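Novice: Got a structure here, written out as structure tokens. Questions coming.
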Amino acid sequence: MQKINLKNTDITVYHETLKNGLNVFIVPLKEKKAFYTSLYVKYGAVDNTFIPYGKNDSKTYPLGIAHFLEHKLFEQNDGTDAFKIFMENGADANASTSYYYTNYLFSATSNIESNLIHLLNFVSEPHFTDENILKEQGIIEQELKMCLDDPYTMLYETSLYNTFINHPAKYAIGGTLESIKKITKETLYDSYNTFYNPKNMFLVITGNVSKKIINIIKENQNKKVLDQNTIIKITTQEPRFVFKEYDELIFKTINVPKVIVNFKICLDDFKIDTFKLLNYFKLYFSVKYGASSPINERLKQTSIISSNLLADVERFDNYLIISVVGESYNYNKLIDEIILESKKRELEEYYFENKKRVHISKKVSSTDSIYSVAYEIADDIINYNQVIDNKIDLIRSLNINELREIVEKLNLDNKTVTVLKNEKSWFI
């Protein structure tokens, strides 16, 4: 096994690629009582156009199919629910689908072998029929309707729809009420056979485990040797401009209007290590819009906002979306202030260094959590295809002068504003 020591921490990651292509990452943390296991598939909501396994031509599949597939795998051939077996083994299990991956996970304090084998087995044994797909369509339809009733989900998803022109992140992870009705057992098997190949998957285990658990995994996976097919995803060109610069939605159940401003940044404009660049942007926008930022203090003192703005940095392939979220009765003034702040390029070293120290502190403290350690490893594999062992050193190396050069090149003109308000919303 490859041994990876994460610098400036006491974390050691053991990595091995099995004969069938499955990558396994084990982090023994003996002082912990629990263990956490995540099985990732590099298949998410944006991967809906690809060449199916065994075919020659590309095909576009219904929106939400990756999420639908995640749901269906829990129903086993004998009709039982995989969740039930986890519960009987004393484990807390879950699954999720993002834009770029699907994750099946469990945590427990005992029975790691039986839970681990169950996880590896049920994900590798799909069972799709016309009847159980029709049943699942009803379940997911209710889930999507719940999302339509959630103001924050609607604000976020609408803002992405308004941000992108062609990129599939324009659409909700779960798809639409119309698209899920187009999913069939044939389309599910196409997706499963293409992406659910061990070489397109990886397993992360953290907590009270031994690296010897690899032997159990090998014994299980030796029976699961599949063709090493090449996965070919079809991507589209995404323009730099946004789809819609301004949008308003009426949401009857809210009182205070909610605002999100998305800035669309093309990463092709910057010739710098991607990890460092993303961390520069996280620091920069935290300084500008974070809890202790001047704009937050000013807007609270003038009663434009009562709670802090939130700033988030999210990557979608070669684009970065900076989202600034807030709520205010005087939402037009709030929008103006957010955009005005984006045009200011002054950077005080004190605030930058302070945010950097906080960022490093969070990285160090995260190593105390079996969940955070697993997430950091998975995030590295999804985004960089390797475990980055010197993150803290890389963050320490960030400097104000380099950030100032990056900021000088920063184009924040491509932006979209989305407002969620009640029909009776007013402003001062």
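Novice: When you check Ser323 against the structure, is it farther than 24 Å from Asn162 by Cβ and outside the structural domain of Lys33 (by TED's automatic domain parsing), yes or no?
Specialist: Judged against the criteria, Ser323 is not a match.
Novice: All but one of (1) assigned to a loop (DSSP other than H, G, I, E, B); (2) in contact with a helix residue (DSSP H, G or I) (Cβ under 7 Å, 6 or more places away or on another chain) hold for Tyr104, so report the exception by its number.
Specialist: Result: Tyr104 fails condition (1) only.
Novice: Also: Yes or no: segment 283-300 includes at least one residue that is in contact with an Asp or Glu (Cβ under 7 Å, 6 or more places away or on another chain) and over 27 Å from Asn401 (Cα atoms).
Specialist: Looking through segment 283-300, at least one residue is in contact with an Asp or Glu (Cβ under 7 Å, 6 or more places away or on another chain) and over 27 Å from Asn401 (Cα atoms).
Novice: I need every pair where a residue in segment 300-316 that is in the same structural domain as Tyr99 (by TED's automatic domain parsing) and surrounded by fewer than 19 Cβ atoms within 10 Å (Cβ to Cβ) has its Cβ under 6 Å from the Cβ of a residue that is at pLDDT 95 or above and in a loop (DSSP other than H, G, I, E, B), sequence separation at least 6 or different chains.
Specialist: Note: no pairs meet the criteria.
Novice: Can you name the residue in segment 181-215 that is in contact with a Lys or Arg (Cβ under 6 Å, 6 or more places away or on another chain) and under 17 Å from Asn115 (Cβ atoms) and is also surrounded by the fewest Cβ atoms within 10 Å (Cβ to Cβ) among such residues?
Specialist: Among those residues, the one meeting the criterion is Asn208.
Novice: Looking only at segment 56-65, how many residues end up being charged (D, E, K, R) and surrounded by 13 or more Cβ atoms within 10 Å (Cβ to Cβ)?
Specialist: Qualifying residue count for the region: 1.
Novice: Do you know which of the residues in segment 35-72 that are among the aliphatic types (A, V, I, L, M) and part of a strand (DSSP E or B) is farthest from the chain's Cα centre (by Cα)?
Specialist: Leu39
Novice: Next question. Residues of segment 346-399 being charged (D, E, K, R), crowded, with 17+ Cβ neighbours inside 10 Å and within 19 Å of Leu105 (Cβ to Cβ), which ones?
Specialist: Once the filter is applied, which keeps residues that are charged (D, E, K, R), crowded, with 17+ Cβ neighbours inside 10 Å and within 19 Å of Leu105 (Cβ to Cβ), segment 346-399 yields Glu376, Asp380.
Novice: Now, a different point. Could you count how many residues in segment 140-163 are within 21 Å of Val41 (Cβ to Cβ) and in contact (Cβ under 8 Å) with a residue 40 or more places away in the chain?
Specialist: 1
Novice: State which residue pairs qualify: first residue more than 12 Å from Asn115 (Cα to Cα) and inside segment 89-104, second residue basic (Lys, Arg) and part of a loop (DSSP other than H, G, I, E, B) in any location, beta carbons under 9 Å apart, and separation of 6 or more residues or different chains.
Specialist: Tyr100/Lys42; Tyr101/Lys42; Thr102/Lys42
Novice: Tell me yes or no: at least one residue of segment 257-268 is buried (at least 18 other Cβ atoms within 10 Å of the Cβ), polar (S, T, N, Q) and not in a strand (DSSP E or B).
Specialist: Scanning segment 257-268, I find no residue that is buried (at least 18 other Cβ atoms within 10 Å of the Cβ), polar (S, T, N, Q) and not in a strand (DSSP E or B), so the answer is no.
Novice: Ok, one more. Quick check on my filter: what residues within segment 216-243 are over 22 Å from the mean Cα position of the chain (by Cα), surrounded by 15 or more Cβ atoms within 10 Å (Cβ to Cβ) and under 30 Å from Thr163 (Cβ atoms)?
Specialist: Correct list: Phe243 only.
Novice: While we're here: Can you name the residue in segment 114-131 that is in contact with a helix residue (DSSP H, G or I) (Cβ under 7 Å, 6 or more places away or on another chain) and outside any loop (DSSP other than H, G, I, E, B) and is also surrounded by the fewest Cβ atoms within 10 Å (Cβ to Cβ) among such residues?
Specialist: Once the filter is applied, the top-ranked residue is Asp130.
Novice: Can Ile338 be described as in contact (Cβ under 8 Å) with a residue 24 or more places away in the chain, within 16 Å of Gly290 (Cα to Cα) and in contact with a strand residue (DSSP E or B) (Cβ under 8 Å, 6 or more places away or on another chain)?
Specialist: yes
Novice: A follow-up question, please. Kindly indicate whether any position in segment 89-96 is closer than 24 Å to Asn193 by Cβ and surrounded by fewer than 19 Cβ atoms within 10 Å (Cβ to Cβ).
Specialist: yes
Novice: For segment 250-291, which positions are within 21 Å of Thr153 (Cβ to Cβ), touching a helix residue (DSSP H, G or I) at 6+ places or on another chain (Cβ under 6 Å) and among the aliphatic types (A, V, I, L, M)?
Specialist: Once the filter is applied, which keeps residues that are within 21 Å of Thr153 (Cβ to Cβ), touching a helix residue (DSSP H, G or I) at 6+ places or on another chain (Cβ under 6 Å) and among the aliphatic types (A, V, I, L, M), segment 250-291 yields Ile254, Val259, Ile260, Val261.
Novice: Look through segment 13-34, keep the residues that are outside any loop (DSSP other than H, G, I, E, B) and within 15 Å of Tyr375 (Cβ to Cβ), and return whichever of them is nearest to the chain's Cα centre (by Cα).
Specialist: Restricting to residues being outside any loop (DSSP other than H, G, I, E, B) and within 15 Å of Tyr375 (Cβ to Cβ), the top hit is Phe25.
Novice: Ok, one more. In segment 361-396, which residues are in a helix (DSSP H, G or I), among the β-branched types (Val, Ile, Thr) and modelled with pLDDT under 95?
Specialist: Val364 - this is the single residue of segment 361-396 that is in a helix (DSSP H, G or I), among the β-branched types (Val, Ile, Thr) and modelled with pLDDT under 95.
Novice: When residues of segment 104-113 are filtered for being among the polar types (S, T, N, Q) and crowded, with 19+ Cβ neighbours inside 10 Å, how many remain?
Specialist: 1
The values are calculated or read from the model by the stated rules, or taken from the named source; none is laboratory data. None of these values were measured; they are calculated from a predicted model. Don't worry about glycine lacking a Cβ; one is built from the backbone with ideal geometry, like all the others, and counts go over all protein chains shown.
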